[in-house]
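The values are calculated or read from the model by the stated rules, or taken from the named source; none is laboratory data. All of these numbers come straight from a predicted model, not from anything done at the bench. Quick reminder, even Gly has a Cβ in these numbers, built from the backbone with ideal geometry, and neighbours come from all protein chains shown. These area figures cover heavy atoms from the full protein model, side chains too; ligands, DNA and RNA do not enter into them. Shrake-Rupley method; radii C 1.70, N 1.55, O 1.52, S 1.80 Å.
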Amino acid sequence: MSVHSDIKRITVPQLTAYKGQKKIVSLTSYIAPFARLLDEYMDMILVGDSTAMVGYNMEDTLSITVEQMAAHAKAVVRSTQRACIVVDMPFGSYQESPEQAFRNAAHMLSVSGADSVKIEGGAYLAETTRFLVDRGIPVLAHIGLMPQYMHTMGGFKAQGLGEEAAARIFDDALAQAQAGAWGIVIEGTAEALARRITHSVKVPTIGIGASPECDGQVLVTEDILNLSGPRIPKFAKQFADVQATIKQGVEAYATQVRDGSFPTLDNCFGVPKNG
Ligand code: KIV
């Protein structure tokens with residue numbers, strides 16, 4: 001008897017082949033309930049280190065660990081069958097050397113079962129990308145606004161607005177594509193630059209605050225469902241108000257527990273049927 005499902009997961013090479021054919025649709029997920037709901041609609045689910053801020057209420061993304069990210073990615077992989085699962089390598093787990101990156105990325109993929117890692121960094125990390133790809137680890141590069149570099153960037157600021165900065169980010173994209181990254185996330189970057197990169201590299205670009213012309217789009221799920229609290233970036237759009245629905249549900253629960261209308265004997269065990 002086969003233990004394999006008939007549903008095939010979208011692979012990294014398939015996503016690369018979307019370029020010029022169809023858009024890559026992606027959202028983040030860190031936990032099973034969202035992953036289950038997203039799977040049918042997403043080409044790629046990103047287990048982003050944004051969970052540090054969104055899920056753990058930290059000030060930035062720097063403090064999340066490899067083990068935490070691997071646990072989140074494992075939950076998402078176990079709860080999905082279709083979407084390609086990409087997991088963020090956290091701050092400090094890959095910047096030191098290609099060897100360090102390989103050790104941590106291999107651990108991440110083998111523990112979680114995810115399909116690819118994502119690393120933040122441009123030209124200076126191209127050697128690391130090449131090292132990982134040559135050893136069987138697919139890499140999604142992330143350039144432009146890189147939240148892990150918030151201290152050197154002076155905060156979460158749009159990137160590539162001046163000529164020099166734009167030229168540097170353009171080179172980052174070329175270097176990562178040449179090094180074997182299967183795709184490039186462009187975050188918080190001048191629209192014209194993101195568009196130019198998209199039309200200049202052979203691999204798909206996935207925009208977040210970049211350009212409508214990117215080959216795909218990614219957002220933080222909680223941002224589009226009104227679950228992120230007050231910190232919603234300009235580039236997100238609220239597509240539903242899940243906060244209101246949850247509040248309604250928990251308020252009804254609290255009311256019924258307090259007024260004694262929940263639970264009833266129907267919710268209890270060992271109660272005689274006609275008793
Ligand atoms: O961590 C994350 O969720 C990300 C996306 C915002 C691209 O890197």
Counting only protein heavy atoms and leaving out ligands, DNA and RNA, the solvent-accessible surface of D259 at a 1.4 Å probe, in Å² to the nearest 10, equals 100
Comparing V250, V25, V201 in a Gaussian network model of the chain (Cα, 10 Å), the one with the largest mean-square fluctuation is V250
Mean separation of Cα contacts under 8 Å (at least 6 apart) over the residue count of region 12-238, i.e. the relative contact order in percent, is 19
Projecting the Cα atoms of G209, A175, L27 onto the charge dipole of region 12-238, where Lys and Arg contribute +1 and Asp and Glu -1 at Cβ, the residue farthest towards the positive end is L27
Given backbone amide H placed at 1.01 Å from N, residues whose amide H is under 5 Å from that of V47, ignoring those fewer than 5 places away on the same chain, are S29, V86, V87, D88
If amide H atoms are modeled at 1.01 Å from N in the peptide plane, then the residues at a separation of 5 or more from A236, or on another chain, having amide H under 5 Å from its own are none
One quarter of the C-alpha convex hull surface, i.e. the mean projected area of region 135-181 in nm², amounts to 3.8
To the nearest 0.05, the calculated FRET efficiency linking R258 and L62 through their beta-carbon distance, R0 being 51 Å, is 0.75
Regression test value, accessible area per residue of region 12-238, probe 1.4 Å, units Å², expected 43
Heavy-atom accessible area with a 1.4 angstrom probe orders K8, K22, most exposed first, as K8, K22
Ordering 116-122, 95-101, 169-175 by per-residue average of other C-beta atoms within 10 angstrom, highest first, gives 116-122, 169-175, 95-101
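What ranking of S110, S29 comes out by heavy-atom accessible area, probe 1.4 Å, highest first?
On the way: S110 95, S29 0 Å².
Largest to smallest exposure gives the sequence S110, S29.
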Connecting every pair of Cα atoms under 10 Å apart in the chain and solving the GNM, the largest mean-square fluctuation among A210, A83, A166 falls on A166
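Please report, as a whole percent, how much of the solvent-accessible surface of the chain comes from carbon and sulfur atoms (probe radius 1.4 Å). Show your work: numbers first, answer last.
On the way: 8050 of 14270 Å².
Looking at the chain in its full context, I get 56 percent from C and S.
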The simple spin-label model distance between D266 and Q14, using points 7 Å out along Cα→Cβ, in nm, is 4.2
Once both label points are put 7 Å beyond Cα along the C-beta direction, the F239-R135 separation in nm becomes 3.7
Placing each pseudo-label 7 Å from Cα in the direction of the beta carbon, R168 and E127 end up separated by a distance in nanometres of 1.9
Rounded to the nearest 10 Å², the accessible area of L37 using a 1.4 Å probe with every protein chain kept is 120
Rounded to the angstrom and largest first, Cα extents along the principal axes for region 163-233 equal 38, 26, 18
In Å, the C-alpha Rg and Dmax of region 12-238 are 15.8, 45
Computed from every Cα-Cα pair in region 70-164, P(r) in 5 Å bins starting at 0 and rounded to whole percents is 2, 13, 23, 22, 16, 13, 7, 2, 1
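Only Lys, Arg, Asp and Glu count, each charged at its Cβ (+1, +1, -1, -1), so figure out the dipole size of region 1-51 about its Cα centre, rounded to 20 debye. Could the numbers behind the result be given before it?
Working: 6 positive and 5 negative charges, 42 e Å.
For this selection, approximately 200 debye.
With N denoting the number of residues in region 194-275, provide Rg(C-alpha) divided by 2.2 N^0.38 Å, to two decimal places.
Details: Rg = 23.3 Å, N = 82, 2.2 N^0.38 = 11.7 Å.
The value comes to 1.98.
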Packing-ranked peptide list from 147-154, 135-142, 181-188, highest mean Cβ count within 10 angstrom first, is 181-188, 135-142, 147-154
With 0.36 nm assigned to each residue of separation and the Cα-Cα distance removed, Q100 to L161 gains 18.7 nm
